[in-house]
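**Student:** Starting off with a structure, shown below.
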Amino acid sequence: MLDDFLFYVQYGINHVLDINGYDHVLFLLVLTVAYIFKDWKRVLILVSLFTLGHTISLILAAYDVVKINGALVELLIPITIFVMAVYNIFTAGKTIQKGVGLLFFSALFFGVIHGLGFAREFHLLIGGSSAKLLPLLEFALGIEAAQIIIVFVVLFFSYIMQTVFRFSKRDWILVISSVVIGLVIPMIMGNELIS
């Protein structure tokens, strides 16, 4: 039982930290680059909503509630990253609003899309097992742990760049978001539905 728990948690961690699947990291980067350490509660909520959306889509796929075209999902994932990066560019330097709003909904909704991108592989992993929910929750725990690590690294680098190297917060957000846009445009244009 403990071996299964550790396997699925580790699988979730590896899913996020896989260098070949860096789209997850890029999304987390643009989701959190506008924040600093004192905003940790808001960042944790955003990341947890993303994990919740990811988990919801995995559950729906595991129980055959939804089926979606893989090429479409592979197109939508970099589009979500692009949208968040563009949002950052238009809001860089502006005061972050404290209420629940578009950003929280976007984190949840985009989490659903990202989860659908992994649903087929996860479905194959758990196969015809009747016990699907527990492995899904263990996997989600691994995802959340890895995301918290990534977010900490993003916040740390943001702190260093803004305090040691004296980047303004606005410039830091603009640079990172622009670099991410440059990385995801080829992902979008290379999708089989586009090319």
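Derivation of every value follows stated rules applied to the coordinates shown; laboratory data play no part. Predicted model, so just to flag it, every value in this text is computed and none were measured. FYI the Cβ positions are ideal-geometry reconstructions off the backbone, even for glycines, and counts take in every protein chain you see.
**Student:** Can you pull the percent of Cα pairs in the range 10-52 with separation above 16 Å?
**Tutor:** Here the tail beyond 16 Å accounts for 42 percent of pairs.
**Student:** Report the residue, chosen from 143, 36, 77, that carries the largest GNM mean-square fluctuation when the chain is represented by alpha-carbon nodes joined by springs under 10 Å.
**Tutor:** Among 143, 36, 77, the largest GNM mean-square fluctuation belongs to 36.
**Student:** Now a separate question. Kirkwood hydrodynamic radius, computed over distinct alpha-carbon pairs, for the range 1-86: how many Å, to one decimal?
**Tutor:** With all distinct Cα pairs of the range 1-86 included, I get 14.8 Å.
**Student:** Also, I was wondering about something else. So how long is each side of the range 124-195 along the principal axes, counting just the alpha-carbon atoms, biggest first, in Å?
**Tutor:** 54, 36, 12
**Student:** Looking at the range 90-183, which trypsin sites (Lys or Arg not before Pro) are in a loop (DSSP not H, G, I, E or B) and have at most 14 other Cβ atoms within 10 Å?
**Tutor:** Of the trypsin sites (Lys or Arg not before Pro), the ones in loops of the range 90-183 whose Cβ has at most 14 other Cβ atoms within 10 Å are 94, 98, 166.
**Student:** The range 2-189: D in µm²/s via Stokes-Einstein (Kirkwood Rh, Cα pairs, 10 °C, 1.306 mPa s)?
**Tutor:** In µm²/s, the coefficient is 93.
**Student:** Nearest 20 debye, what's the magnitude of the dipole of the chain about its Cα centre given +1 on Lys and Arg Cβ and -1 on Asp and Glu Cβ?
**Tutor:** Roughly 920 debye, rounded to the nearest 20.
**Student:** Please find, in a Gaussian network model of the chain (springs between Cα atoms separated by less than 10 Å), the residue of 138, 121, 74 whose mean-square fluctuation is greatest.
**Tutor:** Of 138, 121, 74, the most mobile in the Gaussian network model is 121.
**Student:** Any chance you could run the full-extension gain for residue 1 through residue 86? It's 0.36 nm times the residue separation minus the Cα-Cα distance, nm to one decimal.
**Tutor:** 26.2 nm
**Student:** Same structure, new question: In sequence order, what are the phi-derived ³J(HN,Hα) couplings for the range 8-19 according to the Karplus relation 6.51 cos²θ - 1.76 cosθ + 1.60 with θ = phi - 60°, rounded to whole Hz, with x for glycine and proline?
**Tutor:** Calculated HN-Hα couplings, in order: 6, 5, 4, 4, x, 4, 5, 4, 6, 8, 5, 4 Hz.
**Student:** Compute the separation of the alpha-carbon centres of the range 166-194 and the range 44-71 and state it in Å as a whole number.
**Tutor:** Centre-to-centre distance over Cα atoms comes out at 24 Å.
**Student:** Right, next: Return a single number: how many Lys pairs in the chain, at a sequence separation of 8 or more or on separate chains, have alpha-carbon atoms below 16 angstrom apart.
**Tutor:** Lysine pair count for the chain: 4.
**Student:** Hey, another quick one. If the only charges are +1 at each Lys and Arg Cβ and -1 at each Asp and Glu Cβ, what is the size of the charge dipole of the range 120-173 around the Cα centre, to the nearest 20 debye?
**Tutor:** 240
**Student:** Can you show me the helix-derived [θ] at 222 nm for the chain, built from DSSP H runs with n ≥ 4 at -39,500 (n - 2.57) apiece and divided by the number of residues, rounded to the nearest 500.
**Tutor:** Dividing the helical sum by the residues of the chain leaves -26500 deg cm²/dmol.
**Student:** In percent, what relative contact order does the chain have, based on Cα pairs under 8 Å that are 6 or more apart in sequence?
**Tutor:** RCO, the chain: 42 percent.
**Student:** Another one. Which of these, 81, 149, 181, has the largest mean-square fluctuation under a Gaussian network model of the chain (Cα springs below 10 Å)?
**Tutor:** 149
**Student:** Please name which of 123, 86, 59 has its Cα lying farthest along the dipole of the range 42-126 towards the positive end, using unit charges on Cβ (Lys, Arg +1; Asp, Glu -1) and the Cα centre as origin.
**Tutor:** Ranked along the dipole, the leading option is 86.
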